[in-house]
Amino acid sequence: MSVNTILGALIAAIIVGLTAALVLLTGPNVTSLADITGLQWVVLGIGVALAFFKDFQALTVRRLANKVTGSGDGGI
C-alpha cells in the first residue's frame, strides 16, 4: 500500500466532500450550518467514504496493472 495511493484517494474524497457541503449550504431555506440536518451530514460522510474507497481501488488496480504488464502507462 503506497502513501501516494492513499493520499491521492484522500485528496479526491476531500474535493467530493467540499463540493457536497457547498451543495448542502446553498440549498433552499439554509442560512446556517444548523439548518442542515444530521441525516444530511451522515449521507455526506458516507458519500465521502465511498469516494475515497472508489478512488483508492482505482489507483490500486492501476498500479497492479502497470506492474503486471510492465507498460507503465496510465498509472502511478
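Please enumerate the residues belonging to region 56-76 that are surrounded by 12 or more Cβ atoms within 10 Å (Cβ to Cβ), over 23 Å from Gly17 (Cα atoms) and at pLDDT 80 or above. Spell out how you get there, then give the answer.
Initially, region 56-76 is screened for residues surrounded by 12 or more Cβ atoms within 10 Å (Cβ to Cβ), giving 56-60, 62-63, 65-66, 75-76.
If we keep only those that are over 23 Å from Gly17 (Cα atoms) as well, we get 62-63, 65-66, 75-76.
Those that are surrounded by 12 or more Cβ atoms within 10 Å (Cβ to Cβ), over 23 Å from Gly17 (Cα atoms) and at pLDDT 80 or above: Arg62, Arg63, Ala65, Asn66.
Of all residues in region 35-57 being aliphatic (A, V, I, L, M) and touching a residue at least 24 places away in the same chain (Cβ under 8 Å), which is nearest to Leu24 (Cα to Cα)? Can you show your working first?
Just the residues of region 35-57 that are aliphatic (A, V, I, L, M), to begin with: 36, 39, 42-44, 46, 48-51.
From the residues that got through so far, the ones that are touching a residue at least 24 places away in the same chain (Cβ under 8 Å) too are 44, 48-49, 51.
Numbers: Leu44: 9, Val48: 14, Ala49: 17, Ala51: 17 Å.
Result: Leu44.
Here is the figure for region 8-55: residues that are loosely packed, with under 15 Cβ neighbours inside 10 Å, β-branched (Val, Ile, Thr) and in a loop (DSSP other than H, G, I, E, B) total 4.
The values are calculated or read from the model by the stated rules, or taken from the named source; none is laboratory data. Worth saying up front: this structure is predicted, and the values here are computed from it rather than measured. Methodologically, a virtual Cβ is constructed for each residue, glycine included, from the backbone with ideal geometry; neighbour enumeration extends over all protein chains shown.
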